Amino acid sequence: MTDTLRPAPAQAPEVPSAGSPQKLKRSIGVVGGTLLTLSCVTPASTLFVVVPDLFGSLGTATALTIAIGSLLCIGVAFCYSELGTLIPSAGGEYAMVSTLAGRLTGWLVFVLSLLVVMIVPPVIAMGTADYLAPLVHLDPSVAGAGVMLLATLAGLLDLRANAWITGVFLVLEVIAAAVVAVLGFAHSERGVGSLVSMQVSGAGGHTDTVTAMLVVSGLAIALFVTQGFSTAVYLSEELENPRTSVSRTVLATLAISTVIILVPVVAITMGASDLSTLSSGDISGMVEAWSNSAVGTFVSLCVALAIINAGIVMVIQNSRVLFASARDKAWPAPVNKGLAKLGRFGSPWVATLLVGVPGAALCFVNLDTLYGVTGVSVTGMYLLVAVAALLSRRGSHRDQAAWRMPLWPAIPVLLIAVMAYILSQQEVSYLLWTGGITAVATLYWAFYLRPRKDTRWLVSLPEDAQG
């Protein structure tokens, strides 16, 4: 199974270069990588888009649930840190899983990631219209398409430039979250004990008790509140000194994003005027009640910028996945040749366009079912990454230079159990859609990739990442 880990071959006739494979430029350090990765987590948009749903179902138990989810994400971050330093490839999950769990398993992980690549950015981009409403009313599809095209143009630039662009936007995100936190604490209506009071406003305005099982069910959302730290793995070929910088970027991003999200959630829980207001999840309304409409408008615009920021980073991340798949010869020769092309700024421009432009078109499609499919896809990827982590210390990988997680193998085993539970809670239709797509991908593997195993799907590492 480990025969897929190999240096990129000296001759790659299908990749457009002077006889050698295209390589991404190592141009950013831990700070730049952390800025880009934090932008993919999008703490402010998570706070204003995902957290309100948790308030509606969990009430005062929301902060506790997010805290538990963040603890579980430490285990996920450990897996990504170890595998990302062991196998630093722009292919991300598929490169790690292919190398350690076999080429077919890695191919299926790639297909799952491809679903996320094409669906999640436009879905998030369409949310921009809601937060631009204080200034201008736009159709969500038009606003989303505009964000995707803007993100595509930014994705064509040098990665170092993008790190600073997204860094500026990230500062505004943090300011918005800080404003919410300060206002919430300044208008506290209840004490710290309310964070574990486990109450939510029910139908008719009466108070319901949040059970332990509801908290466990809420982890299905809470687990993904800070999950964007995986972006560091996709950027590993462009990070300087990946053997150390990948793990530092992953863990730093998780720690910072948890603070940015969890502190305002605690403040909102303590500052909401009553349980009904908290359970409504109308954070913008609470901000206006604590201050005035001008502050509410400022916070909404910061969230809109956060979504644009996320679009830029996701296009950057997802184009690297397509670039890596072409370098690893996942497709017929003409497709591999096109996807592997690098532009004047060192970015994979064809792959970037193929992520961004169709994403803009998808903003005009009803994505409810496809969005559910991405939830199943992400969960499946995490499960398979945990499986790969269980296999990361055997054979030649046992003594290879890499960051090593503590409490191995207990952490991967726990994650496998948690992700299996999350999958069991998804709607059957989403599981069937994802299963059907996976079946088609398996047929492509069986009839095209496997018969050409010496010339197709050759997962590789850049030469400067070996050793």
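What follows is calculated from the coordinates using simple rules that are stated; it is not laboratory data. Please read all numbers here as calculations on a predicted model, not as lab measurements. Here the Cβ positions follow ideal geometry from the backbone for every residue, glycine too, while neighbour counts run over all protein chains shown.
Data table
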read-out	value
Linear extension gain, Arg190 paired with Arg398, 0.36 nm per residue minus alpha-carbon span	69.7 nm
For Gln199, distant residues with modelled amide H under 5 Å away	Thr60, Ala61, Val210
Local electrostatic count, Ser280, Cβ distance below 14 Å [Lys/Arg +1, Asp/Glu -1]	-4
Amide H partners (placed H, <5 Å) of Thr207, local residues excluded	Gly202
Principal axis dimensions, largest first and in whole angstrom, of region 385-429 by Cα	43, 20, 14
Whole-percent pair-distance distribution, where bins are 5 Å wide, for the alpha carbons of region 397-460	3, 12, 11, 12, 12, 16, 21, 10, 1
Shape metrics for region 234-339, restricted to C-alpha atoms - Rg then Dmax, Å	20.8, 62
Cβ-derived FRET efficiency at R0 22 Å, Val50 paired with Ile74, nearest 0.05	0.70
Cβ-defined net charge surrounding Val179, 13 Å radius [Lys, Arg +1; Asp, Glu -1]	-2
Kirkwood-based Rg to Rh ratio, region 342-464, C-alpha trace	1.03
Computed lengthening from Arg452 to Val365, 0.36 nm per intervening residue step minus Cα-Cα distance	27.7 nm
Under the Karplus curve 6.51 cos²θ - 1.76 cosθ + 1.60, θ = phi - 60°, whole-Hz ³J(HN,Hα) for region 332-341, x wherever Gly or Pro sits	x, 3, x, 5, 4, 5, x, 5, 8, 6
Kirkwood Rh in Å, taken over all unlike Cα pairs in region 27-151	17.4
Overall form of region 306-414 per C-alpha gyration tensor (a/c, 1.5; a/b vs b/c)	oblate
